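Colleague: Quick one: this structure, given as C-alpha cells, is what I'll be asking you about.
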Amino acid sequence: LVEDEAMVAMLIEDMLAELGCASIWHAGSVEQALRLLRERWPTVGVLDVNLAGEAVFPIAEYMHEARIPFVFATGYGSSGIPEIWHSKAILRKPFTLEHLRAGLQASLDH
Amino acid sequence: MHHVVPHHRPDGGTITPDTLHQALWSEEGLLETLPVAVYTCDAEGTITHYNRRAAEFWGRAPQIGDKDERFCGAFRLFLSDGTVLAHADTPMAHTLLTAQPQHNKEVWIERPDGTRMAALVNINPLLDENGRLIGAVNCFQDITLRKRTEDALQRREAELTDFFENGAIAMHWVGPDGIILRVNRAELAMLGYTEKEVVGRHISEFHADQDAIADILRKLADGEALHNYEAQLICKDSSIREVAISSSVFWEDDRFVHTRCFTLDITQQKRAEKLLRSNEQRLRQLLGAIPAAIYTTDAEGRIISYNQTATELWGCCPRLGEDSWCGSWRLYWPDGTPMPHDQCPMAVALKEERPIRSVEAVLEKPDGERVPFLAYPTPLKDDDGKLVGAINMMVDISKHKRAQEALHASEEFSRSILRASRDCIKVLDLDARLLSINECGRSYLEVEDVSAILNTSYFEFWSGEDRFAAERAVERAQEGRVGRFTAHYRTPSGKDSWWDEIVTPILSPSGKPERLLVISREITEAKRAEEQRELLIAELNHRVKNTLATVQSIAVHSLRNGGVSDSVAAVFEGRLLALSRAHDHLSSAGWKSADFGSILSDVLQPFGSGKADRVQLRGPSVHVPAGAAVALTMIFHELATNAAKYGALSADTGYLTVRWKMAIGANPTLRLSWRECGGPAVERPARMGFGRRLLERTIAQQLNGRAKLRFAPPGFRCILEVPIPADQRA
C-alpha cells in the first residue's frame, strides 16, 4: 500500500486485512515504496496517485515491469492518470470494502 | 392739232396767188407765226417751201428745189422702234404716191448735230382743179417731250410688269371684294398653283388662318398698310407656307381699286427660328437638368441667367444684369482667405478670355454655411471670335470633401487601431500568403524587418494538428465564412505562446472573398490560467476526496471501536460515498454544474446492481447547479436506501420508475416523479426519519422547491419540483 495520508492508510490496511491479506507493507512516498519493493515482493499493490504532490507513476512502472498487479486509488478519478494506465483498475476515493475487493480481483485476474 | 387749209385756187377772187403765197410764206407770213413746222413738196417730192420752225426742227435748211432733197428736209429719220426710215418711205412719200393724207404719224428726226426729235406728222395732198396731184403739205410738231414721257411710262410699265411677273418677290393683287386679280410667277411657284387656279378665287381660300386674313382685309379696308404681317398660306400640296405679307391698297379717287400684296416666304426663317427656339429651350432644359450649378454672364461679367441648382448652391438669387462674376454671397480660397468676386475663376476666365478648369474655391451662403466647389468657367465668343459672355459650371464637392475627410479619418482610425491593437493582425491573399502584418504581429513573430516574412505561407506558423486546423479555418474563410481555432506557437527564440486565431474573408464590393483577415489574439495567459485552474480543481478534488476518505477512516474506526453495529457503519459509509459521488460529477464539469441523469444513475447504481431492468430512469438531459447537485444526490441516496430497505427494491418483484422533465417558462423548473411499485405494502412511518427530514428541508429551504410524498399501499411516491434558474444550467 502506497498512501501518504496516515488515516486513509489505516482504513485501507483494515480493509485489506479484512479481505484476507496476510502481510501488508505500507509506504508513504515514492522513495519509501521503491526501497520496500527492493526488499519485498508483494502479491498485489494499492497505489495512491498523489503522494503529497509527488506522482506515484514511477512505482507503477516498476511494478508493471516486475509484473506485480496493482490498483490505483485516487481522488482525481481517471482524469488524473495518464492514458497508458487506464487499463488498470482505478478506485475513486473514498471507496468501500466491496469496491476494493472488486478492484483487487480485477487486477489479479488481468 | 393744227390743220392747214388746203391751198385752193380762188375763183376770180381778189387775192392773187402771189399775194396768198406772200401772206403764207413771207417772213411775217402766217405760216411763220404758227408754232408748227410746215413744208410742201411738189408731186416729185422736191421741197418747194418750208417755214422756220421746220428748219429748226430739222436742224438744217435744205435748198429749195434741190432735186436731191426729196420728201423731207430731215438729216435722218427713224421710226419709234428705232429702225431707220428712208426718205422714200416717209409719210410724205406715201402721200405723194397714194394721194392719201397721213395723219398723226410719228417719226424721229435726227439732226446733223446728233440730237433727236420726235415729230407728229400730218400730211395732206395738194390737188389741182382737175384733181390731179401736184404736191403735198406736211405739218409736223415737236412731240419729243410727250414721247419721252410716254416712253418712260411705257418702260416703267414694262419694268413693272417684268417685276410683277418675274420678280423674286411673290405678289398678288386682290380686289375690294377679296377676289384675287393678279398673281405673279414667284407666288405661283411658291405655292405650287397655276395662274388659273388662283386668279378669280377668294384670297381667304388660300389662307390657313382665317382670323389672320379677316384681320388683313379689315386693316386694308381701313386704309392701314401692312408690313410683314405673318400669315400662313396653303400650298397646292396642302403644306403650309409661313409668309410675311406687306400690303397696301391702291386707291384712286377714294376708290379701293385693289390691294397689292407682297408675300415673303418666311417658312425657312420660321423653321430656323423654331429650331433656334427649341435649341434654346433644349439648352435651357439641359441646363436645368444638369445637376451642376450653371450660370452665364455677359461680356462685362453681369449675370444674365442661372439654373435652379445654382441658386441652391449659392443659397440666394443674384439680380440678373446687376450682380457680377458670381452669384454667391461670399467667396474664399480653399485655405480660407477671402476671395474678392472680381478675382473669382469666372472673372479670370472673362478677363483673360480663356476657359478655366476645375479651380477649387469655397462659397459662403447667406446663412453662413460654407460649400467647397469646383468652377469651370468658359468664355463664350460669337462667330467673329468676339467675347460675348461666359458660362460657368460649379460642382459642389462638399460631399466628396466630407467623404474624403471621413475616409481619411476612418483610415487614420483604422491605422491607429492597428497600431494600438495588442492583437496580431495579418492580411493574407486567398492562397494564405502573408500580405501585411501590424506592428504588434511583427514583434510577436520576433522579426526585425516585416519584408522578410511577407509572402510566406500562413500555414508555416503552425505545426501538427494546429496546421490542420489552420488549413480548415482558411478554407472556411475562402468560402466566405469565418474560421477559428486555437493553436500553439513557438517563437524563434523558443517562447511558447497560445493563440486564438480568427480568419475572416475580406469581401470585394461584389461580395466575393478577396483577401483574408487574420486576427490572432494571444491567449497564453488565459491558457496558463486555465491550466492553473484545472490544476487547482484537481488538487481540490484530491483534497476533498482524501478528506472524505479520512472521515470514512475515522468513522469506521470510531464506530467499530465504540461497539456500534456494522449496519450503522454501512449507512454512514453509504451517505459518505454518495456525497463523494456528487463531488465527482461536479469536478468533471469544473465545479459549475452536473448532469442530472448521471447523478441519478450513479446514486442508484449500488442499489440496482443485478436489478437493472427493475430501475427505470427517463428524462431529458438537464444540467443542475453545483449546490443543487450535491443536495439532490443526498436526497436520492436516502430515497434509494429507503427503497432498498423497505420499498420496491427490497422485494424481487418490485420496481422503481423515476421520470423527470423541465418545465420551461418564466421560472424553469425540474419536475420529477419517483414511483415505486410491486414492493411490500407501504405504511406511513410513525417517526420522521433522517431521509425524510433531509428531503423536505433540502427541497423547501435550500432549493426553494416543493416536495410531495405519498405513502400509498401500492408503493411509495414522491413528486419533486426544483426551480433551476436558466443561467445556472450550463
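Throughout, read-outs are computed from the coordinates displayed, never taken from laboratory work. These numbers come from a predicted model, not from an experiment. Quick reminder, even Gly has a Cβ in these numbers, built from the backbone with ideal geometry, and neighbours come from all protein chains shown.
Colleague: So how far, in whole Å, is the C-alpha centre of segment B:429-456 from the one of segment B:293-312?
Modeller: 57
Colleague: Checking the cross-link filter: which aspartates and glutamates have an alpha carbon closer than 16 Å to that of B:Lys386, excluding same-chain neighbours under 8 positions apart?
Modeller: B:Asp298, B:Glu300, B:Glu352, B:Glu353
Colleague: What lysines does B:Lys512 reach when the alpha-carbon gap must be under 22 Å and sequence neighbours fewer than 8 apart in one chain are set aside?
Modeller: B:Lys426
Colleague: Now for a different question. Could you derive backbone 3J(HN,Hα) for segment B:574-583 from the dihedral phi with the Karplus parameters 6.51, -1.76 and 1.60 (θ = phi - 60°), listing whole Hz in sequence and x where the residue is Gly or Pro?
Modeller: Listing the rounded values in order: x, 5, 5, 5, 4, 4, 5, 4, 4, 5 Hz.
Colleague: Enumerate the amide H contacts of B:Leu331 below 5 Å, restricted to partners 5 or more residues apart or on another chain; note that Pro and chain-start residues carry no placed amide H.
Modeller: Correct list: B:Met339, B:Glu364.
Colleague: To continue, here is another question. Using only the Cα atoms of chain A, build the gyration tensor, take square roots of its eigenvalues as a ≥ b ≥ c, and label the shape rounded, prolate or oblate: rounded if a/c is under 1.5, else prolate if a/b is larger than b/c, else oblate. Mind showing how you got there, number by number?
Modeller: Details: a/c = 1.13, a/b = 1.04, b/c = 1.09.
In terms of gyration-tensor shape, rounded.
Colleague: Rounded to whole Hz and in sequence order, give me ³J(HN,Hα) for segment B:377-383 from the Karplus expression 6.51 cos²θ - 1.76 cosθ + 1.60, θ = phi - 60°, writing x for Gly and Pro.
Modeller: Couplings: x, 9, x, 10, 10, 7, 4 Hz.
Colleague: Taking the Cα atoms only, what angle lies between the long axis of helix B:626-645 and the longest principal axis of chain B, rounded to 10 degrees?
Modeller: Approximately 50 degrees, to the nearest 10.
Colleague: Under 5 Å between amide H atoms, partner at least 5 residues away or on a different chain: which partners does B:Leu77 have, H built in plane at 1.01 Å?
Modeller: B:Leu85, B:Glu110
Colleague: Pop out the ³J(HN,Hα) list for segment A:104-110 in order, Karplus 6.51 cos²θ - 1.76 cosθ + 1.60 with θ = phi - 60°, rounded to Hz; leave Gly and Pro as x.
Modeller: 5, 4, 4, 6, 6, 6, 5
Colleague: By how many degrees, between 0 and 90 and to the nearest 10, does the Cα long axis of helix B:267-289 differ from the longest principal axis of chain B?
Modeller: Rounded to the nearest ten degrees, it is 20.
Colleague: Roughly how many debye, to the nearest 20, is the charge dipole of segment B:680-729 about its Cα centre, given +1 on each Lys and Arg Cβ, -1 on each Asp and Glu Cβ, and no other charges?
Modeller: Values: 10 positive and 4 negative charges, 37 e Å.
The calculation lands at about 180 debye.
Colleague: Just for chain A, what percent of DSSP beta bridges are antiparallel, to the closest 5?
Modeller: For chain A, the DSSP antiparallel bridge percentage is about 20.
Colleague: Please state the charge dipole magnitude for segment B:471-556, taken about the Cα centre, from unit charges on C-beta atoms (+1 on K and R, -1 on D and E), reported in debye and rounded to the nearest 20. Walk me through the intermediate numbers first.
Modeller: Details: 14 positive and 13 negative charges, 15 e Å.
Charge dipole of segment B:471-556: 80 debye, to the nearest 20.
Colleague: Follow-up. For a footprinting-style exposure proxy, rank B:Thr504, B:Thr491 by other Cβ within 10 Å, fewest first.
Modeller: Fewest-to-most Cβ neighbours within 10 Å comes out as B:Thr491, B:Thr504.
Colleague: Using DSSP, restrict attention to beta bridges with both residues in chain B and report what percent are antiparallel, rounded to the nearest 5.
Modeller: Antiparallel bridges make up about 95 percent of those DSSP assigns within chain B.
Colleague: For chain B, divide the Cα radius of gyration by the Kirkwood radius and give the resulting Rg/Rh value with two decimals.
Modeller: Reported Rg/Rh, Kirkwood definition of Rh: 1.60.
Colleague: For segment B:464-577, what relative contact order do you get, as a whole percent, if you take Cα pairs closer than 8 Å and at least 6 residues apart?
Modeller: Taking the mean separation of contacting Cα pairs over the length of segment B:464-577, I get 15 percent.
Colleague: Quick one: if the Förster radius is 22 Å, what FRET efficiency do B:Asn561 and A:Ile24 give, using the C-beta to C-beta distance and rounding to 0.05?
Modeller: It comes to 0.65.
Colleague: Based on the Cβ-Cβ distance from B:Ala409 to B:Leu540, what FRET efficiency comes out when R0 is 60 Å, to the nearest 0.05?
Modeller: 0.70
Colleague: Expressed as an acute angle from 0 to 90° and rounded to the nearest 10, what is the orientation of the C-alpha long axis of helix B:144-166 relative to the principal long axis of chain B?
Modeller: With both axes taken from Cα atoms, the answer is about 30 degrees.
Colleague: Here's another thing I want to ask about it. Taking a cut-off of 15 Å between Cα atoms, list the aspartates and glutamates near B:Lys592, but don't count ones fewer than 8 places away on the same chain.
Modeller: The reachable aspartates and glutamates, counting only those whose Cα sits under 15 Å from B:Lys592, are B:Glu530, B:Glu534, B:Asp584, B:Asp727.
Colleague: If you take all C-alpha pairs in segment B:395-529, what percent of them are over 22 Å apart? Could the numbers behind the result be given before it?
Modeller: On the way: 3841 of 9045 pairs.
Above the 22 Å cut-off, segment B:395-529 has 42 percent of its Cα pairs.
Colleague: A further question on this structure: Would you work out if segment B:544-673 is rounded, prolate or oblate? Take a ≥ b ≥ c from the square roots of the eigenvalues of the alpha-carbon gyration tensor; rounded if a/c is under 1.5, else prolate when a/b is larger than b/c, oblate otherwise.
Modeller: oblate
Colleague: Here's something else I'd like to know. Mind jotting down the distance between the C-alpha centroids of segment B:674-710 and segment B:483-513, whole Å?
Modeller: Computed from Cα coordinates, the inter-centre distance equals 57 Å.
Colleague: Right, here's the next one. Kindly put B:Thr263, B:Thr337, B:Thr309 in sequence by how many other C-beta atoms sit within 10 Å of each C-beta, fewest to most.
Modeller: Result, fewest neighbours first: B:Thr337, B:Thr309, B:Thr263.
Colleague: Shifting gears a bit: Which of B:His488, B:His207 comes first, and how do the rest follow, when ranked by fewest Cβ neighbours within 10 Å? Spell out each step's value before the answer.
Modeller: On the way: B:His488 15, B:His207 20.
The most exposed by this proxy come first: B:His488, B:His207.
Colleague: What is the mean number of Cβ atoms from other protein chains located within 10 Å of the Cβ atom of each residue in peptide B:533-542, rounded to a whole number?
Modeller: Per residue, the number of nearby Cβ atoms from other chains is 3 on average.
Colleague: For q values of 0.11, 0.14, 0.15 Å⁻¹, compute log₁₀ I(q)/I(0) with the Debye formula on a Cα-only model of segment B:50-144, without solvent.
Modeller: Log10 I(q)/I(0), no solvent term: -0.30, -0.48, -0.55.
Colleague: Tell me which residues come under 5 Å, amide H to amide H, from B:His207 once H is placed; ignore anything under 5 positions away on its chain.
Modeller: B:Ile234
Colleague: Next question. Remind me, relative contact order of chain B in percent, using alpha carbon pairs under 8 angstrom and six or more residues apart?
Modeller: The normalised contact order for chain B reaches 4 percent.
Colleague: Further, regarding this structure: Report, please, the projected area of segment B:175-265 averaged over directions, based on the convex hull of its C-alpha atoms, in nm². Don't jump to the answer; show the numbers that get you there.
Modeller: On the way: hull surface 20.8 nm².
For the Cα atoms of segment B:175-265, the hull's average projected area reads 5.2 nm².
Colleague: Of B:Ala578, B:Leu374, B:Ser247, which is farthest along the charge dipole of the protein assembly as shown in the positive direction, counting Lys and Arg as +1 and Asp and Glu as -1 at C-beta?
Modeller: About the Cα centre, the residue reaching furthest to the positive side is B:Ala578.
Colleague: Write down the Å³ per residue value for the convex hull defined by the alpha carbon atoms of the protein assembly as shown.
Modeller: So the per-residue hull volume is 444 Å³.
Colleague: What pairs from B:Lys147/B:Lys219; B:Lys274/B:Lys381; B:Lys105/B:Lys196; B:Lys236/B:Lys381; B:Lys527/B:Lys661 go past 32 Å between their alpha carbons?
Modeller: B:Lys147/B:Lys219; B:Lys105/B:Lys196; B:Lys236/B:Lys381; B:Lys527/B:Lys661
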